[in-house]
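The values are calculated or read from the model by the stated rules, or taken from the named source; none is laboratory data. Keep in mind that this is a model prediction, so the values were computed, not measured. Ideal geometry is used to build each Cβ from the backbone, glycine not excepted, and the neighbour counts take in all protein chains shown.
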Amino acid sequence: MKRQTALALLAFIAVLLLLTTGCLSLIGREDTIQKPKYELTKHDVFARTGWTSSDISVLGVEFGDSMSEVTEKIGMPDLRTDYPNGASNFEYRESLTLNDTGLLIHFDNDSVTLFTVRPSMNRFLKGSTKIQHSKDAIFRRFGNPDNTTLLSYFTMYSYNHIGLDVHVSGKKEIGFSLKKVK
C-alpha cells in the first residue's frame, strides 16, 4: 500500500512538473515574439539601414493583425473589398482625414500581408519616407531592384529582401508597398 501511495505521489509530482514547465515555456514565448521597431508615421524609416518590412508598423497595425484588430487600432475603412479567394482590402481615406485613398491594407485569410501607401499619406510620413522621389533617387537609396514589373499605370520595383515595392510612374514615385519578407 505504501508503495502504491509513493508511486502515486511521484506520478503527481511528475505531472505537476510537466505542467509548470509548459506554463513557463509559454511565458517565455511572449518575449520572443518580434514586435516592430519602427512606426511608419513616427520614424524616417527609409533614412535607416538594416531594416525589413517586419520591423515596421503602420498606424499601429502590424503584419498578421486580423481585420478586427485593424479596425480597433485605426477604425473602419472607407471601402472594404472582399475577394472569393479569401483576400480582402481595406482602403482608408476620409476616416484618416485624407483627400484621396492614402492607405490600403491587404488581408489574406483575415491576416494583414501588405500595406500600400500613397501620396496623400505624406502628411503622416517623415523625411525620406515621404513619397516624393525620382526613380534615380530610389535606385541610389535601395540599389537595383530584385524584380521589375510593368503594370498598366506604373512600374513596380521590388526589393524582396527587405519587403518593399516602390511604384513609379514615368520617373516619379507614386507610392510604395510593404510586404512580408519570405
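What about MET121, is it more than 16 Å from the chain's Cα centre (by Cα) and at pLDDT 95 or above? Against the criterion (more than 16 Å from the chain's Cα centre (by Cα) and at pLDDT 95 or above), MET121 qualifies.
Collect the residues in the range 147-182 that are touching a residue at least 60 places away in the same chain (Cβ under 8 Å) and on the phi < 0 side of the Ramachandran plot, keeping them in residue-number order. Result: HIS161, ILE162, LEU164, PHE176, SER177, LEU178, LYS179, LYS180, VAL181. Residues that are touching a Leu at 6+ places or on another chain (Cβ under 8 Å) and part of a loop (DSSP other than H, G, I, E, B): does the range 129-147 have at least one? The answer is yes, given that some residue of the range 129-147 is touching a Leu at 6+ places or on another chain (Cβ under 8 Å) and part of a loop (DSSP other than H, G, I, E, B). All of GLY170, GLY163, GLY175 fail the test of being at pLDDT below 95 and in the same structural domain as PHE90 (by TED's automatic domain parsing), apart from GLY170. Annotation: of all residues in the range 51-70 being more than 11 Å from the chain's Cα centre (by Cα) and of a type outside the set (A, V, I, L, M, F, W, C), the one that is surrounded by the fewest Cβ atoms within 10 Å (Cβ to Cβ) is SER68. Selection within the range 34-50: residues that are surrounded by 15 or more Cβ atoms within 10 Å (Cβ to Cβ) and among the β-branched types (Val, Ile, Thr). The member of this set that is farthest from MET76 (Cα to Cα) is VAL45. Counting only residues that are touching a residue at least 60 places away in the same chain (Cβ under 8 Å) and surrounded by fewer than 20 Cβ atoms within 10 Å (Cβ to Cβ), which one in the range 125-146 is farthest from PHE90 (Cα to Cα)? Top of the filtered list is ARG141.
If only residues of the range 107-118 that are surrounded by fewer than 19 Cβ atoms within 10 Å (Cβ to Cβ) and not charged (D, E, K, R) are counted, the one that is nearest to the chain's Cα centre (by Cα) is THR113. In the condition set (1) free of Cβ contacts under 8 Å to residues at least 40 places away in the same chain; (2) over 14 Å from the mean Cα position of the chain (by Cα), LYS73 is compliant with all but (2).
Filtered by the rule that a residue be over 20 Å from SER57 (Cβ atoms) and in a strand (DSSP E or B), the range 159-182 gives HIS167, VAL168, SER169, LYS172, GLU173, ILE174. When each of MET156, MET121 is tested for being in the same structural domain as THR81 (by TED's automatic domain parsing) and part of a helix (DSSP H, G or I), the lone residue that passes is MET121.
Scan the strands (runs of 3 or more DSSP E) fully inside the range 1-115 and keep the ones with 1 or more residues being among the basic types (Lys, Arg) and at pLDDT 95 or above.
Details: elements: 79-82, 87-92, 103-108.
The strands (runs of 3 or more DSSP E) meeting that bar are 79-82.
I'd like to know if the range 59-74 contains one or more residues that are in contact with a Gly (Cβ under 9 Å, 6 or more places away or on another chain), closer than 21 Å to ARG118 by Cα and hydroxyl-bearing (Ser, Thr, Tyr). Within the range 59-74, none of the residues are in contact with a Gly (Cβ under 9 Å, 6 or more places away or on another chain), closer than 21 Å to ARG118 by Cα and hydroxyl-bearing (Ser, Thr, Tyr).
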